[in-house]
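*Asks:* Sending over a structure as structure tokens; questions will come in a sec.
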Amino acid sequence: DNWQNVLKKNVATNYPTVYRYVVNSNRTDWQFFLPLHDGSNVLDLGSGWGTLACGLSPNVQRVSALEGVPERAEFIRIRASQSGFTNIQVLNANFLNLPFSNNQFDVVIANGVLEWVALGRTFKNPREVQLDFLRGIKETLKSDGWLYVGIENRFGFNLFMGGLDHTGLPFTSLMPRKAASLVLKVANRNYLTDVIQEEYRTYTYSAKGYHKRSEERRVGKECRSRWSPYH
């Protein structure tokens, strides 16, 4: 069946928030703030359900949609094919080990990804894993390329009001990291993965903190970035 019909039948009723998230084309409106054109080569990291990749496809030359979950990658392939987007290349790969050559992309998208990368390399400090991730992206970008990051603000208003952090618990993003780890250990949370985590690893930051991370990863060539706190 058509991917849209499948979502309406199986997702829209029981998970309306997820359904709106998947089909909402407005989630790519930020693209008009970046120097994209019909010759742009774009990488969408953690492409998920393919919403951003499909939203970018009509306005650029090529989109590489990299997704770590095999089932999601297959869904993107089906969605792109049924939607007639022939310039989307779907890859099932690890975004901590990018399978691309250097200086390849005009724009790299990391929307809802940076906060999760430290779960994939638990032997290293989460902040260092994030910096490794950003440096890896930098190598794939052209000298005048752009990185777009969409992520929560650690001190977002909704979090002070009890909104759930990536741990599935309230207030953990507001705590010192060690205190958040202690709460995780007591609560026995698993970050919605199969591996129990007793350390807080989904680091988010204030606006100032993000710009500091941006400066820390500028090793070698210059790379321009735009940060968007999407909550």
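*Asks:* Can you give me the Cα centroid spacing of segment 57-127 and segment 130-152 in angstrom?
*Replies:* 13
*Asks:* Restricting to lysine pairs 8 or more places apart or on different chains, what number in the chain have Cα atoms under 19 Å apart?
*Replies:* Total qualifying Lys-Lys pairs in the chain comes to 6.
*Asks:* Sticking with this one: Check Leu91: other-chain or 5+ apart residues with amide H under 5 Å from its amide H, H built from backbone geometry?
*Replies:* Those lying under 5 Å, H to H, from Leu91 are Ala65, Leu66, Glu67.
*Asks:* While we're here: Helix-derived [θ] at 222 nm for the chain: sum -39500 (n - 2.57) over DSSP H runs of at least 4, divide by residue count, nearest 500?
*Replies:* Values: 8 runs with 76 residues, N = 231.
Theoretical 222 nm ellipticity from helices: -9500 deg cm²/dmol.
*Asks:* In whole percent, what relative contact order does the chain give with Cα contacts below 8 Å and a gap of six or more residues?
*Replies:* Averaging sequence separation for qualifying contacts and normalising by length gives 16 percent for the chain.
*Asks:* Let me spell out the model: positive unit charges on the Cβ of Lys and Arg, negative unit charges on the Cβ of Asp and Glu, origin at the Cα centre of the chain. What dipole size does that give, in debye rounded to 20?
*Replies:* So the dipole magnitude of the chain works out to roughly 440 debye.
*Asks:* Tabulate in residue order the Karplus-calculated ³J(HN,Hα) for segment 149-158, using 6.51 cos²θ - 1.76 cosθ + 1.60 with θ = phi - 60°, rounded to whole Hz; enter x for Gly and Pro.
*Replies:* Result, rounded to whole Hz: 10, x, 7, 6, 7, 4, 10, x, 4, 4.
*Asks:* Rounded, prolate or oblate, given the Cα gyration tensor of segment 33-150, with a/c below 1.5 counting as rounded?
*Replies:* oblate
*Asks:* Further question on the same structure: Of all the accessible heavy-atom surface of the chain, with the other protein chains kept in place and a 1.4 Å probe, what percent is carbon and sulfur?
*Replies:* Within the chain, the accessible surface is 52 percent carbon and sulfur.
*Asks:* Quick check for you: with a 1.4 Å probe and neighbouring chains kept, what is the accessible area per residue of the chain, in Å²?
*Replies:* Normalised by residue count, the accessible surface of the chain is 51 Å².
*Asks:* With point charges of +1 on the Cβ of Lys and Arg and -1 on the Cβ of Asp and Glu, referenced to the Cα centre of the chain, which listed residue (Ala93, Ile137, Phe157) lies farthest in the positive direction of the dipole?
*Replies:* Phe157
*Asks:* Suppose the chain between Gln89 and Asn59 were pulled fully straight at 0.36 nm per residue; how much longer would it get relative to their current alpha carbon spacing?
*Replies:* 9.3 nm is the gain from fully extending Gln89 to Asn59.
*Asks:* Given Val18, His37, Gly48, which one lies farthest toward the positive end of the charge dipole of segment 1-116, if we put +1 on the Cβ of every Lys and Arg and -1 on the Cβ of every Asp and Glu?
*Replies:* Positive-end residue among those listed: Val18.
The values are calculated or read from the model by the stated rules, or taken from the named source; none is laboratory data. This structure is a prediction, so every number in the text was calculated from the model and none was measured. Heads up, the Cβs are rebuilt from the backbone with ideal geometry, glycines too, and the neighbour counts pull from every protein chain shown. The protein model used for the area step is the full one, side chains on, heavy atoms only, and it has no ligands, DNA or RNA in it. Shrake-Rupley method; radii C 1.70, N 1.55, O 1.52, S 1.80 Å.
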